[in-house]
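The values are calculated or read from the model by the stated rules, or taken from the named source; none is laboratory data. All figures in this text were calculated on a predicted structure; none of them were measured in a lab. Every residue, glycine as well, gets a Cβ built from its backbone with ideal geometry; the counts of neighbours run over all protein chains shown.
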Amino acid sequence: MVGPILIFDSGIGGLSVFEPIHSQLPHHDIYYLFDNARLPYGDLNEQELIRGCVELIIKQVRQINASIVVVACNSASTLVLPELRKQLTIPIVGVVPAIKPAAQISKTRHIGLLATPGTVARQYTQDLISSFAGGCNVTLVGSSELVLIAEAKAKRQTVDHAKIADILTPINSTDLDTLVLGCTHFPLLRQEIDEALTHKVVLLDSGDAIAARVMSFIDTNENDSTDIQGTLKAGYTKEIDAGLKETLADYGFTQLEYIAVAN
(Lines give C-alpha, C1' and ligand atoms only; values in the text may rest on other atoms or scores of the structure.)
Protein backbone atom coordinates (compact mmCIF):
# COMPACT_ATOMS: atom_id res chain seq x y z
CA MET A 1 0.00 0.00 0.00
CA VAL A 2 1.30 3.44 -0.89
CA GLY A 3 1.54 6.13 1.77
CA PRO A 4 -1.52 7.95 3.11
CA ILE A 5 -3.15 10.99 1.60
CA LEU A 6 -2.42 14.03 3.77
CA ILE A 7 -5.31 16.52 3.83
CA PHE A 8 -4.41 19.86 5.40
CA ASP A 9 -6.53 22.77 6.57
CA SER A 10 -6.53 25.50 9.19
CA GLY A 11 -9.48 23.86 10.96
CA ILE A 12 -12.34 21.49 10.27
CA GLY A 13 -13.15 22.95 6.84
CA GLY A 14 -11.07 20.29 5.15
CA LEU A 15 -13.70 17.74 6.16
CA SER A 16 -15.75 19.05 3.23
CA VAL A 17 -12.87 17.96 0.99
CA PHE A 18 -12.20 14.73 2.89
CA GLU A 19 -15.73 13.45 2.27
CA PRO A 20 -15.62 13.23 -1.55
CA ILE A 21 -12.03 11.94 -1.47
CA HIS A 22 -12.86 9.20 1.04
CA SER A 23 -16.03 8.34 -0.89
CA GLN A 24 -13.94 7.71 -4.01
CA LEU A 25 -11.03 6.04 -2.17
CA PRO A 26 -12.49 4.21 0.85
CA HIS A 27 -9.57 1.77 1.04
CA HIS A 28 -6.87 4.43 1.10
CA ASP A 29 -5.31 5.64 4.35
CA ILE A 30 -5.99 9.33 5.04
CA TYR A 31 -4.34 11.63 7.55
CA TYR A 32 -6.25 14.84 8.28
CA LEU A 33 -4.00 17.60 9.65
CA PHE A 34 -5.55 20.83 10.90
CA ASP A 35 -3.65 23.81 12.24
CA ASN A 36 -6.30 25.09 14.63
CA ALA A 37 -3.67 26.88 16.73
CA ARG A 38 -3.45 29.56 14.01
CA LEU A 39 -7.11 29.60 12.96
CA PRO A 40 -8.48 31.55 11.08
CA TYR A 41 -5.91 31.69 8.27
CA GLY A 42 -7.80 34.45 6.50
CA ASP A 43 -6.59 36.90 9.17
CA LEU A 44 -2.87 36.00 9.05
CA ASN A 45 -0.28 37.99 7.17
CA GLU A 46 1.07 36.19 4.11
CA GLN A 47 4.60 35.46 5.31
CA GLU A 48 3.39 34.05 8.63
CA LEU A 49 0.88 31.86 6.82
CA ILE A 50 3.42 30.55 4.31
CA ARG A 51 6.10 29.81 6.91
CA GLY A 52 3.76 28.06 9.33
CA CYS A 53 1.99 25.95 6.72
CA VAL A 54 5.09 24.82 4.88
CA GLU A 55 6.96 23.83 8.05
CA LEU A 56 4.00 21.91 9.45
CA ILE A 57 3.08 20.12 6.23
CA ILE A 58 6.63 19.05 5.38
CA LYS A 59 7.19 17.79 8.92
CA GLN A 60 4.06 15.65 8.80
CA VAL A 61 4.65 14.40 5.23
CA ARG A 62 7.97 12.97 6.39
CA GLN A 63 6.51 11.64 9.63
CA ILE A 64 3.79 9.58 7.93
CA ASN A 65 5.47 9.04 4.53
CA ALA A 66 2.55 10.65 2.71
CA SER A 67 2.05 9.91 -0.98
CA ILE A 68 0.09 13.06 -1.82
CA VAL A 69 -0.77 16.36 -0.11
CA VAL A 70 -4.14 18.10 -0.44
CA VAL A 71 -4.04 21.70 0.78
CA ALA A 72 -7.76 21.91 1.54
CA CYS A 73 -7.71 25.60 2.42
CA ASN A 74 -8.32 28.42 -0.03
CA SER A 75 -6.36 30.95 2.02
CA ALA A 76 -3.32 28.66 2.12
CA SER A 77 -3.59 27.34 -1.45
CA THR A 78 -3.24 30.81 -2.94
CA LEU A 79 0.13 31.20 -1.22
CA VAL A 80 1.91 27.99 -0.20
CA LEU A 81 1.65 25.68 -3.21
CA PRO A 82 4.76 27.01 -5.03
CA GLU A 83 6.96 26.63 -1.94
CA LEU A 84 5.63 23.16 -1.16
CA ARG A 85 6.30 22.03 -4.72
CA LYS A 86 9.87 23.28 -4.44
CA GLN A 87 10.50 21.21 -1.32
CA LEU A 88 8.44 18.06 -1.96
CA THR A 89 8.49 15.60 -4.86
CA ILE A 90 5.06 14.08 -4.21
CA PRO A 91 1.91 15.52 -5.86
CA ILE A 92 0.46 18.65 -4.23
CA VAL A 93 -3.22 19.43 -4.85
CA GLY A 94 -4.66 22.83 -3.94
CA VAL A 95 -8.11 24.37 -3.78
CA VAL A 96 -9.35 26.84 -6.39
CA PRO A 97 -12.62 28.74 -5.84
CA ALA A 98 -15.22 27.44 -8.31
CA ILE A 99 -15.39 30.73 -10.25
CA LYS A 100 -15.25 29.08 -13.69
CA PRO A 101 -18.20 26.67 -13.27
CA ALA A 102 -20.20 29.40 -11.51
CA ALA A 103 -19.79 31.73 -14.49
CA GLN A 104 -20.73 28.90 -16.84
CA ILE A 105 -24.06 28.08 -15.18
CA SER A 106 -25.23 31.54 -14.07
CA LYS A 107 -28.35 32.66 -15.92
CA THR A 108 -28.39 36.19 -14.51
CA ARG A 109 -24.67 36.62 -15.29
CA HIS A 110 -24.29 37.68 -11.68
CA ILE A 111 -22.30 35.40 -9.37
CA GLY A 112 -20.93 35.73 -5.87
CA LEU A 113 -17.81 34.63 -4.03
CA LEU A 114 -18.12 34.01 -0.30
CA ALA A 115 -14.63 33.47 1.15
CA THR A 116 -12.25 34.67 3.83
CA PRO A 117 -11.09 38.31 3.63
CA GLY A 118 -7.62 37.14 2.56
CA THR A 119 -8.91 35.04 -0.35
CA VAL A 120 -11.25 37.82 -1.50
CA ALA A 121 -8.46 40.40 -1.50
CA ARG A 122 -5.68 38.41 -3.19
CA GLN A 123 -4.62 39.05 -6.76
CA TYR A 124 -4.93 35.31 -7.42
CA THR A 125 -8.70 35.58 -6.95
CA GLN A 126 -8.93 38.68 -9.13
CA ASP A 127 -7.04 36.83 -11.86
CA LEU A 128 -9.50 33.92 -11.66
CA ILE A 129 -12.39 36.33 -12.08
CA SER A 130 -10.74 38.09 -15.02
CA SER A 131 -9.93 34.78 -16.72
CA PHE A 132 -13.19 32.91 -16.21
CA ALA A 133 -15.92 35.39 -15.24
CA GLY A 134 -15.13 38.41 -17.35
CA GLY A 135 -18.69 38.58 -18.63
CA CYS A 136 -20.26 38.40 -15.17
CA ASN A 137 -20.98 40.82 -12.40
CA VAL A 138 -19.17 39.36 -9.37
CA THR A 139 -20.13 40.20 -5.79
CA LEU A 140 -17.32 39.54 -3.31
CA VAL A 141 -18.05 38.91 0.37
CA GLY A 142 -15.24 38.23 2.84
CA SER A 143 -15.95 36.77 6.27
CA SER A 144 -13.78 35.22 8.97
CA GLU A 145 -16.77 35.05 11.31
CA LEU A 146 -18.36 32.39 9.14
CA VAL A 147 -15.26 30.23 9.62
CA LEU A 148 -15.67 30.48 13.39
CA ILE A 149 -19.39 29.68 13.13
CA ALA A 150 -18.54 26.51 11.19
CA GLU A 151 -15.98 25.61 13.86
CA ALA A 152 -18.61 26.18 16.55
CA LYS A 153 -21.03 23.88 14.73
CA ALA A 154 -18.37 21.16 14.60
CA LYS A 155 -17.95 21.54 18.37
CA ARG A 156 -21.70 20.86 18.77
CA GLN A 157 -22.32 24.46 19.84
CA THR A 158 -25.34 26.57 18.87
CA VAL A 159 -25.18 28.01 15.37
CA ASP A 160 -25.79 31.77 15.19
CA HIS A 161 -28.36 31.92 12.38
CA ALA A 162 -28.88 35.66 12.78
CA LYS A 163 -25.19 36.30 12.27
CA ILE A 164 -25.17 34.16 9.12
CA ALA A 165 -28.10 36.14 7.75
CA ASP A 166 -26.28 39.38 8.54
CA ILE A 167 -23.13 38.19 6.74
CA LEU A 168 -25.21 37.28 3.68
CA THR A 169 -26.94 40.68 3.48
CA PRO A 170 -24.78 41.86 0.51
CA ILE A 171 -25.83 38.72 -1.37
CA ASN A 172 -29.52 38.93 -0.53
CA SER A 173 -29.67 42.49 -1.86
CA THR A 174 -28.60 41.36 -5.36
CA ASP A 175 -29.99 39.23 -8.20
CA LEU A 176 -27.04 36.83 -8.22
CA ASP A 177 -28.09 33.23 -8.83
CA THR A 178 -24.85 31.34 -8.16
CA LEU A 179 -22.66 31.57 -5.07
CA VAL A 180 -19.17 30.11 -4.80
CA LEU A 181 -18.32 28.83 -1.33
CA GLY A 182 -14.67 29.87 -1.52
CA CYS A 183 -13.60 28.56 1.88
CA THR A 184 -13.70 24.86 2.68
CA HIS A 185 -15.38 25.63 6.01
CA PHE A 186 -18.44 27.03 4.30
CA PRO A 187 -19.90 23.81 2.78
CA LEU A 188 -20.22 22.57 6.37
CA LEU A 189 -22.80 25.38 6.76
CA ARG A 190 -24.52 24.68 3.43
CA GLN A 191 -27.95 24.13 4.99
CA GLU A 192 -27.69 27.21 7.21
CA ILE A 193 -26.47 29.39 4.32
CA ASP A 194 -29.23 28.12 2.06
CA GLU A 195 -31.85 28.89 4.70
CA ALA A 196 -30.48 32.43 5.20
CA LEU A 197 -30.66 33.29 1.50
CA THR A 198 -33.82 35.15 0.54
CA HIS A 199 -33.93 33.96 -3.08
CA LYS A 200 -32.93 30.87 -5.03
CA VAL A 201 -29.15 30.60 -5.29
CA VAL A 202 -27.04 27.66 -6.46
CA LEU A 203 -24.21 26.95 -4.01
CA LEU A 204 -20.95 25.66 -5.52
CA ASP A 205 -17.81 24.33 -3.86
CA SER A 206 -14.67 22.57 -5.08
CA GLY A 207 -14.92 19.28 -3.18
CA ASP A 208 -15.76 16.99 -6.09
CA ALA A 209 -13.20 18.66 -8.37
CA ILE A 210 -10.47 18.17 -5.76
CA ALA A 211 -11.43 14.51 -5.33
CA ALA A 212 -11.21 14.01 -9.09
CA ARG A 213 -7.77 15.60 -9.13
CA VAL A 214 -6.59 13.35 -6.29
CA MET A 215 -7.97 10.31 -8.13
CA SER A 216 -5.79 11.15 -11.12
CA PHE A 217 -2.70 10.54 -8.99
CA ILE A 218 -3.88 7.34 -7.29
CA ASP A 219 -3.60 3.79 -8.62
CA THR A 220 -7.23 2.80 -8.07
CA ASN A 221 -6.56 -0.81 -9.05
CA GLU A 222 -4.36 -1.13 -5.99
CA ASN A 223 -7.12 0.27 -3.78
CA ASP A 224 -9.82 -1.88 -5.34
CA SER A 225 -7.80 -5.05 -4.65
CA THR A 226 -8.70 -5.04 -0.95
CA ASP A 227 -11.89 -4.96 1.10
CA ILE A 228 -10.08 -3.42 4.06
CA GLN A 229 -11.16 0.11 4.87
CA GLY A 230 -8.38 2.67 4.98
CA THR A 231 -7.10 3.97 8.29
CA LEU A 232 -8.30 7.47 9.18
CA LYS A 233 -6.13 9.53 11.53
CA ALA A 234 -6.25 13.22 12.45
CA GLY A 235 -3.73 15.60 13.98
CA TYR A 236 -4.30 19.05 15.47
CA THR A 237 -2.05 21.83 16.76
CA LYS A 238 -4.24 23.04 19.64
CA GLU A 239 -6.14 20.84 22.07
CA ILE A 240 -9.75 20.22 21.02
CA ASP A 241 -12.89 19.72 23.06
CA ALA A 242 -15.17 16.71 23.38
CA GLY A 243 -17.71 18.05 20.89
CA LEU A 244 -15.16 18.31 18.10
CA LYS A 245 -13.80 14.87 18.94
CA GLU A 246 -17.34 13.50 18.54
CA THR A 247 -17.67 15.20 15.15
CA LEU A 248 -14.35 13.80 13.98
CA ALA A 249 -15.44 10.35 15.16
CA ASP A 250 -18.64 10.70 13.11
CA TYR A 251 -16.42 11.16 10.04
CA GLY A 252 -14.41 8.08 11.01
CA PHE A 253 -11.45 9.77 12.72
CA THR A 254 -11.07 7.87 15.97
CA GLN A 255 -7.26 8.04 16.06
CA LEU A 256 -6.31 11.59 17.10
CA GLU A 257 -3.03 13.21 18.08
CA TYR A 258 -1.74 16.59 19.19
CA ILE A 259 1.11 18.07 17.15
CA ALA A 260 3.17 20.86 18.71
CA VAL A 261 4.06 23.83 16.53
CA ALA A 262 6.56 26.63 17.05
CA ASN A 263 5.12 30.04 17.91
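Numbers for the structure displayed
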{"read-out": "Test result for L33, part of a strand (DSSP E or B) and outside the structural domain of L189 (by TED's automatic domain parsing)", "value": "yes"}
{"read-out": "Any hit, segment 73-84, residues being hydrophobic (A, V, I, L, M, F, W, C) and touching a Lys or Arg at 6+ places or on another chain (Cβ under 7 Å)", "value": "no"}
{"read-out": "Some residue of segment 92-111 being part of a strand (DSSP E or B) and farther than 22 Å from D9 by Cα", "value": "yes"}
{"read-out": "Residues satisfying the stated conditions in segment 44-53, i.e. in contact with a Lys or Arg (Cβ under 9 Å, 6 or more places away or on another chain), farther than 23 Å from L181 by Cβ and crowded, with 17+ Cβ neighbours inside 10 Å", "value": "G52"}
{"read-out": "Checklist (1) farther than 24 Å from V159 by Cβ; (2) surrounded by 13 or more Cβ atoms within 10 Å (Cβ to Cβ); (3) of a type outside the set (D, E); (4) more than 17 Å from the chain's Cα centre (by Cα) applied to R213, failing item", "value": "(4)"}
{"read-out": "Within segment 183-263, helices (runs of 4 or more DSSP H) holding 3 or more residues that are small (G, A, S)", "value": "207-215, 242-250"}
{"read-out": "Tabulated pairs, segment 36-61, first in a helix (DSSP H, G or I), second of a type in the set (K, R) and modelled with pLDDT of 90 or more, C-beta under 7 angstrom, 6+ apart or interchain", "value": "N36/K238; A37/K238"}
{"read-out": "Test for K153: is it in contact with a Leu (Cβ under 7 Å, 6 or more places away or on another chain) and in a helix (DSSP H, G or I)", "value": "yes"}
{"read-out": "Some residue of segment 113-129 being farther than 18 Å from T184 by Cβ and outside any helix (DSSP H, G or I)", "value": "no"}
{"read-out": "The one condition in (1) free of Cβ contacts under 8 Å to residues at least 12 places away in the same chain; (2) buried (at least 16 other Cβ atoms within 10 Å of the Cβ); (3) under 19 Å from A66 (Cα atoms) that D160 fails to fulfil", "value": "(3)"}
{"read-out": "Hits in segment 75-91 (condition: touching an Asp or Glu at 6+ places or on another chain (Cβ under 8 Å) and part of a loop (DSSP other than H, G, I, E, B))", "value": "none"}
{"read-out": "Odd one out for A165 among (1) over 16 Å from D194 (Cα atoms); (2) of a type in the set (G, A, S); (3) surrounded by fewer than 19 Cβ atoms within 10 Å (Cβ to Cβ); (4) touching a helix residue (DSSP H, G or I) at 6+ places or on another chain (Cβ under 6 Å)", "value": "(1)"}
{"read-out": "Members of segment 11-38 that are among the aliphatic types (A, V, I, L, M) and either surrounded by 23 or more Cβ atoms within 10 Å (Cβ to Cβ) or touching a strand residue (DSSP E or B) at 6+ places or on another chain (Cβ under 6 Å) (or both)", "value": "I12, L15, V17, I21, I30, L33"}
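Quick grid of which residues meet (1) surrounded by 15 or more Cβ atoms within 10 Å (Cβ to Cβ); (2) in contact with a His (Cβ under 8 Å, 6 or more places away or on another chain); (3) free of Cβ contacts under 8 Å to residues at least 40 places away in the same chain:
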position	(1), (2), (3)
I99	yes, no, no
L114	yes, no, no
G118	yes, no, no
C136	yes, yes, yes
A150	yes, yes, no
S173	no, no, yes
L181	yes, no, no
